[in-house]
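Worksheet: the structure to be examined is printed underneath.
What follows is calculated from the coordinates using simple rules that are stated; it is not laboratory data. These numbers come from a predicted model, not from an experiment. Here the Cβ positions follow ideal geometry from the backbone for every residue, glycine too, while neighbour counts run over all protein chains shown.
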Amino acid sequence: MKINVKGFEVPALGLGTYSLRGSRAVEIVTAALDMGYRHIDTARMYGNEREVGQAVHHSTVDRSDVFITTKIWPDDLAYSNVLSCADDSLRNLNTDYVDLLLVHWPSKSIPLSETLPAFEQVRKAGKARLIGVSNFNTAMMAEAVEQHGVDIACNQVEYHPLMSQRRVLDRVRDYGMMLTAYKPIAEGQVLQEPILNRIGDQHGKTAAQVSLRWLIQQQAVAAIPKTGNVDRCRENLEIFDFSLTTEEMDEISTLQARNLRLLDVSLGPVWDQP
Ligand SMILES: NC(=O)c1ccc[n+]([C@@H]2O[C@H](COP(=O)([O-])OP(=O)(O)OC[C@H]3O[C@@H](n4cnc5c(N)ncnc54)[C@H](OP(=O)(O)O)[C@@H]3O)[C@@H](O)[C@H]2O)c1
């Protein structure tokens with residue numbers, strides 16, 4: 001299943017890699033590519049771009065068939081730093097381009113009017129196919145698109161059945177973008193939910209698989225679960241042989257009233273209210 005965004009096809013399910021380091025990162029990314037993942041999410045801050053690059057480089061899968069996202073940390077969002085960080089990421093990843101380059105978190109001190117032209121420059125140079133943002137609220141998305149006229153393709157935010165992203169999702173769709181859901185199984189908290197387990201039992205699936213399916217069945221939503229375990233990596237990929245009915249989608253959506261935001265750090269903006 002793919003999402004068409006700004007003329008590019010993005011696999012709806014990717015592998016998150018936060019906290020995967022060293023040989024473990026190489027092994028799990030290699031295993032993921034072998035079993036069919038074609039979308040890998042990394043970031044400069046994760047300290048594993050080299051390992052991701054090594055796994056992709058040595059894989060039998062063509063580089064052109066893998067969608068790689070990386071992200072630039074807020075301290076590095078000044079114009080010249082964006083350009084040098086992007087080049088450094090390409091060296092780490094052992095590739096000529098990334099598929100998607102994101103602003104990892106909005107900066108509190110460097111204005112978007114400085115950062116976004118540098119991202120555009122990276123894209124125009126062919127070093128990033130698409131550019132986007134992460135952890136932006138709708139006002140920041142509007143600033144990027146409407147005030148600065150920048151064609152951002154993605155907002156990567158926390159999203160799972162235990163919280164709503166209705167406002168960001170509406171805006172993403174208005175702008176022809178995609179929403180990539182991080183923490184898509186709420187760090188495992190979805191496993192305790194009776195509704196998800198009951199619906200899973202009806203389909204022969206786990207609560208984690210139901211959560212991932214609920215996400216990617218929504219228009220313009222991708223999900224990037226992280227695991228360091230090969231069996232769970234396969235489990236998370238096995239969500240394309242069933243679908244949720246409208247009634248099941250709606251019942252799962254009732255859990256959003258829980259309003260559980262796991263990553264609420266001072267780096268973040270004032271989040272949109274549900
Ligand atoms: N842009 C941002 O600011 C941002 C912030 C946070 C995360 N992210 C990205 O999003 C990715 C995913 O988020 P996340 O890692 O925080 O949370 P997550 O994917 O919701 O949860 C990961 C946790 O769930 C476990 N798990 C994975 N699959 C499972 C399954 N099928 N059944 C039971 N447990 C399972 C993993 O343990 P095991 O490893 O032991 O399986 C791990 O402890 C990150 O790796 C990163 O790439 C981006």
Checklist outcome for this item: Sorted largest first, the Cα spans of segment 1-82 on the principal axes come out in Å as 38, 35, 18
Next on the checklist: Need one number: convex hull volume per residue for the chain, Cα atoms only, in Å³.
Outcome noted: 116
Checklist entry - Going by how many other Cβ atoms sit within 10 Å of their own, how do MET177, MET163 line up, fewest first? => result MET163, MET177
Checklist entry - Out of every Cα pair in segment 119-192, what percent are spaced more than 19 Å from each other? => result 40
Next on the checklist: I need TRP73, TRP105 ordered by Cβ neighbour count within 10 Å, fewest first.
Outcome noted: TRP73, TRP105
Checklist entry - Could you work out Rg/(2.2 N^0.38 Å) for segment 23-63, with Rg from alpha carbons only? => result 1.04
Next on the checklist: At q = 0.11, 0.20 Å⁻¹, what log₁₀ I(q)/I(0) does segment 173-274 have when each alpha carbon counts as one equal point scatterer in the Debye sum?
Outcome noted: -0.35, -1.14
Item to check | Alpha carbon convex hull of segment 8-137, projected area averaged over orientations, nm² | outcome: 7.5
Checklist entry - How high is the relative contact order of the chain, in percent, with contacts defined as C-alpha pairs under 8 Å that are six or more residues apart? => result 19
Checklist outcome for this item: Ranked from fewest to most other Cβ atoms within 10 Å of their own Cβ, LYS71, LYS205, LYS2, LYS124 fall in the order LYS124, LYS2, LYS205, LYS71
Item to check | Value of [θ]222 nm, deg cm²/dmol, for the chain, DSSP H segments ≥ 4, -39500 (n - 2.57) each, nearest 500 | outcome: -11000 deg cm²/dmol
